[in-house]
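Asks: What follows is a structure written as structure tokens; I'll ask about it next.
Derivation of every value follows stated rules applied to the coordinates shown; laboratory data play no part. Please read these numbers as outputs of a predicted model, since none were measured by experiment. Every residue, glycine as well, gets a Cβ built from its backbone with ideal geometry; the counts of neighbours run over all protein chains shown.
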2 protein chains.
Amino acid sequence: MRYELYYWPGIQGRGEFVRLALEDAGAAYVDVARRPRGMVAMSRFLESRSVKRPPFAPPFLKAGKLVIGQTANILFFLGPLLGLVPKDDADRLWAHQLQLAIADWVAEVHDAHHPIASSLYYEEQKREAKRRAENFRVERLPKFLSYFEQVLERNGSRALVGNAVSYVDLSLFQMIEGLRYAFPRAMTKQERKYRQLIALHDRVAARPRLVAYLASGRRLPFNQEGIFRHYPELDDQS
Amino acid sequence: MRYELYYWPGIQGRGEFVRLALEDAGAAYVDVARRPRGMVAMSRFLESRSVKRPPFAPPFLKAGKLVIGQTANILFFLGPLLGLVPKDDADRLWAHQLQLAIADWVAEVHDAHHPIASSLYYEEQKREAKRRAENFRVERLPKFLSYFEQVLERNGSRALVGNAVSYVDLSLFQMIEGLRYAFPRAMTKQERKYRQLIALHDRVAARPRLVAYLASGRRLPFNQEGIFRHYPELDDQS
């Protein structure tokens, strides 16, 4: 099966959580919108009136005749096919539950720099972003980090779900990477408290296929158009 | 199987999407936190260090030994057990994809009155809420409504998924109800454009078990503590 991933070509964004799973598994896939005329194909699909089950937004994945939208749903589908989740139904639901908490966390990272509207520039909501980002750093960031640290510890500290690395661990790796880019000062202070999570991040980063992927041109750099953005004024000032 | 639902006792909130499915199916369930000392039981569970798979937040559902968190995940699990989703795997994924879009919509409704922080009072973020609510009404509300109207039309207009009412239709009913409470003026204008959705809402509202539920004390009224709140200054002013 050759998968087709559809996502905005210039950013890691939500698509990156899917890419990491495909790359880690060595799956055959096409990153459609990054190919020549790929954006045209993606827009045409999103705007077509003949698609019976239209995705609300990218990312979406084509797998044969199936078209699957919503990042966490894509990973729920791919997990067993890529060997990136335990096979048991209860474990799959639990992994998905954690992935949905990560989805909420991602949305909060986005809203830290865009608290009023995605359709407005950052500069048009800078004042509000300062307030929201402070709340994010002080309250929400420690809440999510300590939750996942607990989940990891209660599972024996090797992986978040089951005994082997799952797509949830890959996504957690991506969260740490993104947060370090966006909030380097806040993260420097926070990371000391969550040593198990950071150790998990490091183990994921050392997986051979991911080492190769992260060093390749397929891994887009973080930038100021994505979900994780580095505005120094939104980071810890102390 | 008698299900146990855990959710904040004073509001409809996210728990209501689960309640509607349980009620429509006539399932046996206990709304734990609304019973005497039920909040103590819920808090104790959330704070316990011995729970191996802790939910991030309410709602969560106990079904035998399983504990399932995240509203959309609970519905994904319950759907087939309650006969509220087609059995086919592809249909279940599609229903879940739509439910996740509804989850995003719910989060945006919440952030319309709390754009800075859930932990602050509305009065502390009123100015920001005015900006965000305007963007929600003008851009986001029509985007979600027209998306679901399209999905409904492309499926033949009777139900959002498959040929019979699913939990996604029940959730859509709840969205319309909540939006009418929160933004009565904006909704009066919008509804004319989405006649199929409103007709679906009305069919759901007429289902016998839901008629009984909605008239019962089990249905909490909307109020100013929930996700859908009516602040006239956030509604359409024209």
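Asks: Please state which one of A:Leu82, A:Leu100 is closer than 17 Å to A:Tyr167 by Cβ and either at the interface with chain B (Cβ under 9 Å from one of its Cβ atoms) or among the basic types (Lys, Arg) (or both).
Replies: A:Leu100
Asks: Could you check region B:154-238 for helices (runs of 4 or more DSSP H) lying wholly inside it with 1 or more residues that are under 15 Å from the mean Cα position of the chain (by Cα)?
Replies: Per the criteria, B:167-182, B:195-205, B:208-215.
Asks: Counting just the residues of region B:112-141 that are assigned to a helix (DSSP H, G or I), under 18 Å from the mean Cα position of the chain (by Cα) and not basic (Lys, Arg), which one comes out nearest to the other protein chains (Cβ to nearest Cβ)?
Replies: B:Phe136
Asks: Only one of (1) surrounded by fewer than 18 Cβ atoms within 10 Å (Cβ to Cβ); (2) in contact with a Leu (Cβ under 7 Å, 6 or more places away or on another chain) is not met by B:Ala107, so which one is it?
Replies: Of (1) surrounded by fewer than 18 Cβ atoms within 10 Å (Cβ to Cβ); (2) in contact with a Leu (Cβ under 7 Å, 6 or more places away or on another chain), only one is false for B:Ala107: (2).
Asks: Those residues that are in contact (Cβ under 8 Å) with a residue 24 or more places away in the chain and on the phi > 0 side of the Ramachandran plot, I need them from region B:2-42; list them, please.
Replies: B:Gly13, B:Gly26
Asks: All but one of (1) more than 14 Å from chain A (Cβ to nearest Cβ); (2) out of contact with any strand residue (DSSP E or B) (no Cβ under 8 Å at 6 or more places or on another chain); (3) under 27 Å from A:Pro55 (Cα atoms) hold for B:Asp88, so report the exception by its number.
Replies: That leaves (1) as the condition not met.
Asks: Give the residues of region A:142-163 that are within 9 Å of another protein chain (Cβ to nearest Cβ) and of a type in the set (S, T, N, Q), sorted by residue number.
Replies: Matches in region A:142-163: A:Gln150, A:Asn155.
Asks: Look through region B:43-78, keep the residues that are among the polar types (S, T, N, Q) and either at the interface with chain A (Cβ under 9 Å from one of its Cβ atoms) or touching a residue at least 12 places away in the same chain (Cβ under 8 Å) (or both), and return whichever of them is surrounded by the most Cβ atoms within 10 Å (Cβ to Cβ).
Replies: Ranking the candidates gives B:Gln70 first.
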